[in-house]
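Below is one structure, written out as structure tokens, with a few remarks after it.
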Amino acid sequence: MLSLTAEHLRELIAGLVAGLPQPQQTGSTPPRNRLRIREPEFFTGDRSNYRTWKSQMKRYLAAHSQATEDELITVLMSGIRGANVDEWVNAYAGQHFGGEDEAEGEWDVTLAEVWQELDRAYADRVGEHLALQQMRNLRQQAGKANEYFLEYERLIWQAGVEKTDRMVLEY
């Protein structure tokens, strides 16, 4: 039976590791993103799905922090497709994307400005208003504080407001 001391085992492991080839980094190949984030479904213009799609897309874009802002905007805009939104996308890109060679054009807006325009065009204002009304009418039932706060959080999200907004604090 072979008996190794801890010191011998460390030396053996160090020798094995030292003998392994080191990964080669070429100057032209960017490091790959180790995260595998599922792409959000396309936003098709259904206002009732906009807030969920926006949340998914923001997380997807955040996972690609090595991308430039122009690349992030292009990814965002490519996630908007369908008969109800194609006209908006084409008009917006026509206004804000350009260059002499369209294949290498640049956006003249920031990612935050694109989100503001999308919010203006597709946020479900009726749904937000209904959520605010539900917040106003929400009452805690005896012994059900957890359910109350979960519903309150959901309504805040649906209404598109922040917890620190004055109207939220009044409810």
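The values are calculated or read from the model by the stated rules, or taken from the named source; none is laboratory data. Because the structure is a prediction, the values reported are computed rather than measured. In this analysis, Cβ positions are derived from the backbone assuming ideal geometry, glycine residues included, and neighbour counts consider all displayed protein chains. Areas reflect the complete protein model, heavy atoms only, side chains present, ligands, DNA and RNA absent. Shrake-Rupley method; radii C 1.70, N 1.55, O 1.52, S 1.80 Å.
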Selection within the stretch 154-164 - open to solvent by 80 Å² or more (accessible area, probe 1.4 Å) and either at pLDDT 80 or above or not in a loop (DSSP other than H, G, I, E, B) (or both): ARG154, TRP157
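Need a quick list: helices (runs of 4 or more DSSP H) entirely within the stretch 1-105 having at least 3 residues that are surrounded by 13 or more Cβ atoms within 10 Å (Cβ to Cβ) and modelled with pLDDT of 90 or more. So that I can check it myself, show each step before the final result.
Details: elements: 6-19, 47-62, 69-78, 86-96.
Here the list reads 47-62, 69-78, 86-96.
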Residue list for the stretch 115-152, filter: at pLDDT 80 or above and closer than 30 Å to LEU72 by Cα: TRP115, GLN116, GLU117, LEU118, ASP119, ARG120, ALA121, TYR122, ALA123
